[in-house]
Every structure is written in C-alpha cells, then in structure tokens.
Amino acid sequence: MTRLLEAVLNGVSLGSLYSLIALGFVIIFRATGVMNFAHSSFLLAGAYVTAAVSAKSGFLVGLLAGVVTAAALGAFTQLVILRFSKDKSHLGLSVLSLGVNILAVTEITRRIGDNTLPLHDPWQASVWRFAGITVPVSRVAALAVAAALLAGFLLLFRFTRWGLALRVSAADREVAALVGVPMGRVSWTSWAIGGAMAALAGMFLAAFPAPGVEPSLTNSAMRAFPAAVLGGLDSIPGALVGGLAIGIAESLTATYEGHLGGFGSGASGLVAYVVLFAVLLLRPDGLFGTKVVSRV
C-alpha cells in the first residue's frame with residue numbers, strides 16, 4: 001500500500017507538470033488555431049538557460065532568466081516567424097513550428113553536448129518522509145508551484161480582459177477581429193505564456209530524481225502532448241485532467257512494470273500514447289473537446 005501511495009503522489013506531482021505543459025499547447029491552439037510543435041524547444045531552452053545562469057548567479061536568477069528566455073522564444077516564434085509566413089493555413093503554420101523546434105533543439109543539444117547540467121536548485125536530493133512514504137522534496141515543490149500557477153492562470157483566464165479576449169477568439173476568430181479584439185496581442189501573449197509555463201515545468205522535470213538538464217528532456221514535452229489531446233485541444237479543464245491522468249498512469253506503470261517481465265521494460269515511456277489511443281478510439285475530440293458539427 002505504501003508503494004502504491006508513493007506512486008500516486010509522484011504521479012499527481014508529475015501530472016501537474018504535464019498539465020502546465022499541456023495548458024501551453026491548449027492556450028496557443030485556442031488563440032491561433034496552430035498546433036505548436038515547438039513547445040519542447042521552449043521547455044529545453046528554459047531549462048538550459050536556468051542551469052547555465054544558476055551556475056554563476058544563483059538559482060532564482062537562473063530560473064527568472066530561463067522563464068524569460070522561453071517566453072521570449074515563444075513570442076519571437078509568433079511575431080517574427082509565423083506572422084510573416086506566406087502560408088497562413090493552420091496546417092502550414094503548425095509545420096513551420098516543427099521547423100522552429102528542430103532548429104532550436106539542435107542548437108541547444110549542440111551546446112549541451114554529452115554533459116548533464118545541474119540546476120543548482122535548493123532542493124537537491126532531499127526527500128520527504130511521512131507515514132512510511134518517501135517522496136523527493138522537488139516533487140512536493142513541483143506540485144505546490146504547479147497548483148498555484150494553474151489556479152493563477154484560471155483566475156487570469158476568467159477575470160481579465162486578456163482572458164475574455166482569448167475566450168472570444170477561441171469561439172470565432174473572425175467575429176472577434178470584427179468587434180475589436182486585438183488578435184495580434186492575444187496571439188503573441190499566448191505564445192509567451194505557453195513558453196513560460198513550459199520553462200517552469202522543464203525546470204522541475206530536470207530536478208531530482210532526474211539527473212539534470214539534458215537533451216532528452218524534450219521527451220517530457222512530447223509526453224505532455226497526449227495529455228493536451230486527451231483532454232481536448234480547445235479545453236483548458238481538459239488539459240488539467242489529461243495531464244494528471246497521464247502523470248498518474250506513467251508513475252504507476254514505472255512502479256509496477258517490473259512485474260510484467262520482459263513486456264514491462266520501458267512501458268512507462270509508452271503508456272501516455274497507449275492511454276491516448278484508447279481514449280481517442282471512443283472520443284475522437286478528447287474527453288472535454290468541442291465537437292465540430294458540419295452541415296452537409
């Protein structure tokens with residue numbers, strides 16, 4: 001039972017980080033209709049800058065630099081690259097974001113090389129023990145920070161002009177533009193917020209028990225993509241639920257995959273896509289996605 005509780009608690013913590021990343025996918029999709037395949041590069045760039053600056057100036061300064069870098073990269077992608085593309089279709093812009101991802105990840109990977117960069121975070125390898133349960137302090141901090149950020153975003157989305165503009169543009173972009181919604185501002189701020197969320201999640205994903213910042217960190221963003229699709233690409237509550245579902249499923253699989261023999265080896269890296277496939281067979285629009293009705 002203790003092992004199960006540890007797995008669930010770790011899964012909730014991991015899932016909250018996946019929810020942050022998935023939320024970035026969702027708000028960008030809602031604001032622009034573009035599937036942002038550059039999201040993993042935002043995550044890796046933020047974590048890399050955090051580690052590099054922390055080594056010289058301390059963790060808090062490094063974290064701030066990493067978040068600002070990822071947000072700036074997101075805004076740059078939308079303002080400079082996507083805005084001036086001749087192909088304005090959502091599919092074309094989504095593919096262009098994939099090109100941005102390849103370029104950025106390749107450059108950061110070249111800089112990291114074969115090294116693993118420590119974050120110099122205040123938690124280090126500390127663990128929290130309670131009633132026989134052992135959980136890394138970084139996971140507890142991740143859960144608390146992610147919960148606060150998600151709550152803050154929901155308040156921002158519900159009670160600010162930016163949130164209202166995002167809701168209107170998600171409902172109908174043409175009508176939103178006609179009634180004076182500043183679509184350009186909504187677009188680039190959505191990309192910036194998505195980048196900042198990815199950077200924060202990436203920092204915690206690189207913390208203990210992970211070894212540090214390395215190029216394989218981009219795999220975390222790709223496991224959060226099924227969370228966004230699982231909940232529904234246009235659903236903010238869906239991103240939260242999808243992230244938690246994937247995180248718990250991955251943690252439970254990692255805990256018990258040894259009991260599956262040879263078939264269980266590495267199953268935790270695959271479970272996100274298995275869950276996604278199973279749900280989409282029954283609900284193609286995701287758990288909370290808006291169904292599109294076409295008149296024939």
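Read-outs: derived from the displayed coordinates by stated rules, not from any lab. Everything numeric here is computed off the predicted structure, so don't read it as measured data. Positions of Cβ are backbone-derived with ideal geometry, glycine not excepted, and every protein chain shown enters the neighbour counts.
Of note:
- Simple point charges give the picture: +1 on the Cβ of Lys and Arg, -1 on the Cβ of Asp and Glu, and for region 89-174 a dipole about the Cα centre of about 240 debye.
- Ellipticity estimate at 222 nm from DSSP helix runs (n ≥ 4, -39,500 (n - 2.57)) divided over the chain, nearest 500: -23000 deg cm²/dmol
- Length added when fully stretched, PHE159-VAL175, from 0.36 nm per residue minus Cα-Cα: 3.7 nm
- Angle in degrees between helix 137-159 and the longest Cα principal axis of the chain, rounded to the nearest 10: 20 degrees
- Region 145-168 and region 228-246 have Cα centres spaced 16 Å apart.
- Potential extension, GLU6-MET222 segment - 0.36 nm per residue separation minus Cα distance: 75.3 nm
- Residue among PHE29, LEU240, MET222 farthest towards the positive dipole end of the chain, charges placed on Cβ: PHE29
- The Cα center of region 1-31 and the Cα center of region 63-89 differ in position by 24 Å.
- Acute angle (nearest 10 degrees) that the helix 90-112 long axis makes with the longest principal axis of the chain, alpha-carbon atoms: 40 degrees
- Within the chain: Cβ-based charge dipole about Cα centre, in debye rounded to nearest 20 (Lys, Arg +1; Asp, Glu -1): 660 debye
- Packing rank of 24-33, 194-203, 80-89, where each peptide gets the mean count of other beta carbons within 10 Å, highest leading: 194-203, 24-33, 80-89
- Principal-axis tilt of helix 271-282 within the chain, Cα atoms, nearest 10 degrees: 40 degrees
- Sequence ranges 225-236, 104-115, ranked by mean other-Cβ count within 10 angstrom, highest first: 225-236, 104-115
- Spin-label model, ARG129/LYS86: points 7 Å from Cα along the beta carbon direction are separated by 6.6 nm.
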